[in-house]
Amino acid sequence: MANPLPTLDSTPLTVRGACPHDCPDTCAMLVTVENGRATRIQGDPDHPVTSGFLCAKVNRYLERTYHKDRLTTPLKRVGPKGSGQFAPASWDEALTDIAAKLNAIRTSAHGPQSILPYSYAGTMGYVQSQSMDRRFFHVIGASKLDRTICATAGATGMQMTVGANLGADSEGVSESDLILLWGTNTLTSNPHLWPFVLQARAKGARVLCIDPIRTRTADQCDEWIAIRPGTDAALALGMMHVLFADGLQDDDYIHPRR
Ligand code: SF4
């Protein structure tokens with residue numbers, strides 16, 4: 001169902017949304033809006049995975065959004081680099097200055113490829129994350145950045161093993177007989193998976209943690225395997241060897257019918 005449009009009406013509206021942070025959990029949110037201003041934020045209790053949860057930083061999102069010290073204009077450096085001297089500037093002034101500098105570089109002997117946009121995701125969303133900046137820098141002919149800063153190794157691994165970068169099906173985890181939490185501090189950085197882990201365990205599943213560090217997740221598992229840093233690949237290859245040597249592999253999964 002489409003969200004109602006926030007208006008300046010004093011009747012409170014509830015707007016459904018999802019957390020915009022660069023966090024794969026994308027918690028479902030309910031935001032109350034009165035007189036065009038958000039007055040309350042809470043997790044959506046009806047969401048099947050995030051179940052009303054918002055982490056500490058997003059629970060206090062409104063305080064940050066409306067904080068009196070929040071920057072509301074661009075700041076322009078007015079002293080030497082590193083001196084920390086800045087003065088407020090209007091958006092027109094900031095955009096005019098930046099455009100003049102980019103144009104000077106673009107038309108110089110070095111050409112537009114001497115501009116490298118260096119960024120990753122930050123706040124997600126169709127506009128902020130990966131759309132308008134790509135179009136802009138493409139139009140001016142800037143260099144392209146291979147954005148491997150953050151999650152590329154994980155995404156490539158998922159594509160090679162599962163076929164798409166989708167992550168594990170959280171609700172399917174509760175049907176597992178054995179759960180390997182490998183290099184993940186699930187309780188801290190993927191808390192929505194944990195209830196499904198506990199559901200599986202209640203049905204008899206074993207939960208193992210493979211991590212050099214005894215994290216709070218490792219403490220909660222049936223077994224903690226404290227491998228030495230950098231030995232994951234050796235352990236994975238050893239496990240693969242045993243799986244194939246003993247005929248334990250799932251052939252239907254490995255060779256799906258086309
Ligand atoms: S855990 Fe926090 S940052 Fe992550 S999606 Fe939920 S509210 Fe956002």
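Within segment 169-180, residues that are within 9 Å of residue 203 (Cα to Cα) sit with their Cβ atoms under 8 Å from residues that are assigned to a strand (DSSP E or B), at 6+ positions apart or across chains, in these pairs: 177/206. Out of 94, 121, 89, one residue alone is out of contact with any Pro (no Cβ under 9 Å at 6 or more places or on another chain) and either within 16 Å of the ligand (Cβ to nearest atom) or over 30 Å from residue 194 (Cα atoms) (or both). It is 121.
Looking at the structure I just gave you, is residue 14 under 19 Å from the mean Cα position of the chain (by Cα), of a type outside the set (Gly, Ala, Ser) and surrounded by 12 or more Cβ atoms within 10 Å (Cβ to Cβ)? So residue 14 does not fit the description; no.
Across segment 57-97, the qualifying residues are those that are free of Cβ contacts under 8 Å to residues at least 12 places away in the same chain and among the hydrophobic types (A, V, I, L, M, F, W, C), and the one among them that is nearest to residue 26 (Cα to Cα) is 71.
If I filter segment 18-38 for residues that are surrounded by 11 or more Cβ atoms within 10 Å (Cβ to Cβ), within 16 Å of the ligand (Cβ to nearest atom), among the small types (Gly, Ala, Ser) and farther than 30 Å from residue 194 by Cα, do I get at least one hit? The answer is yes; a qualifying residue exists. Pairing each residue of segment 14-38 that is among the acidic types (Asp, Glu) with any residue that is modelled with pLDDT under 95 and within 16 Å of the ligand (Cβ to nearest atom), provided the two are 6+ apart or on different chains, yields C-beta distances under 6 Å for 22/121; 22/124; 25/192. Looking at segment 60-80, is at least one residue within 16 Å of the ligand (Cβ to nearest atom) and in contact with a helix residue (DSSP H, G or I) (Cβ under 9 Å, 6 or more places away or on another chain)? Yes, there is a match, as at least one residue in segment 60-80 is within 16 Å of the ligand (Cβ to nearest atom) and in contact with a helix residue (DSSP H, G or I) (Cβ under 9 Å, 6 or more places away or on another chain). Can you say whether residue 64 is part of a helix (DSSP H, G or I) and under 30 Å from residue 12 (Cα atoms), as far as the supplied structure shows? Here the answer is yes, as residue 64 does meet what is asked.
The values are calculated or read from the model by the stated rules, or taken from the named source; none is laboratory data. This is a predicted model, so every value here is computed, not measured. Please note: Cβ atoms are built from the backbone with ideal geometry, for glycine as well, and neighbour counts cover all protein chains shown.
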